[in-house]
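Quick note: the coordinates plus some simple rules give every number you see, no bench work behind them. Since we're looking at a predicted model, the values are computed, not measured.
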Amino acid sequence: MLGSKKGGFGAGGNTTLVSRDTTVVGDVHFTGNLDVEGVVKGNIIAQDGKDALVRVIDKGRVQGEIRVPSIVINGTVEGDVYASKHLELASKGRVKGNVHYSLLEMAAGSEVNGSLTHTEVSEGAREKSPDPSVAVTEARPGKGGGGSKAVPLKS
């Protein structure tokens with residue numbers, strides 16, 4: 001979990017670190033990866049049209065809004081979160097604000113004190129995502145002792 005490479009989620013390129021004993025006051029605009037182990041008192045915003053990932057690590061804290069395509073939260077965010085591609089709330093993740101997501105992954109123990117709002121997947125993310133209408137695997141016995149078959153979800 002926690003944004004592992006095997007999940008295929010994240011941004012290539014440079015990584016910026018806000019280390020444990022660091023406090024950044026003001027908005028952070030970036031591309032690539034941003035790891036927050038310290039405190040950011042301001043908004044975190046990814047550059048438009050660029051792939052970006054922010055990770056709020058264990059003791060990390062953000063006091064402001066986050067607007068990034070891919071986000072992993074295992075620390076605390078006090079503000080609204082906007083993830084246009086993927087949002088992962090790890091077991092120690094806490095959000096005090098509204099969450100807007102297209103794909104959400106929540107671990108047991110994570111917490112959201114605000115609303116959860118699903119938004120449409122962006123075109124680039126839609127091409128990589130599996131077909132949401134085929135999400136249930138149903139066991140159907142048949143010739144040859146049974147098996148499973150993916151069946152479309154009914155709206």
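Backbone amide hydrogens, once placed in the peptide plane, bring Lys92 within less than 5 Å of nothing, excluding anything fewer than 5 places away on its chain.
Residue by residue, segment 84-90 carries 3J(HN,Hα) couplings of 7, 10, 8, 10, 10, 9, 7 Hz when phi is fed to the Karplus relation 6.51 cos²θ - 1.76 cosθ + 1.60 (θ = phi - 60°); x denotes Gly or Pro.
Based on alpha carbons, the Rg and Dmax found for segment 63-125 are 10.6, 32 Å. Using the Kirkwood radius over C-alpha pairs as Rh, can you work out the diffusion coefficient of segment 5-129 via Stokes-Einstein at 20 °C, viscosity 1.002 mPa s, in µm² per second? D = 152 µm²/s.
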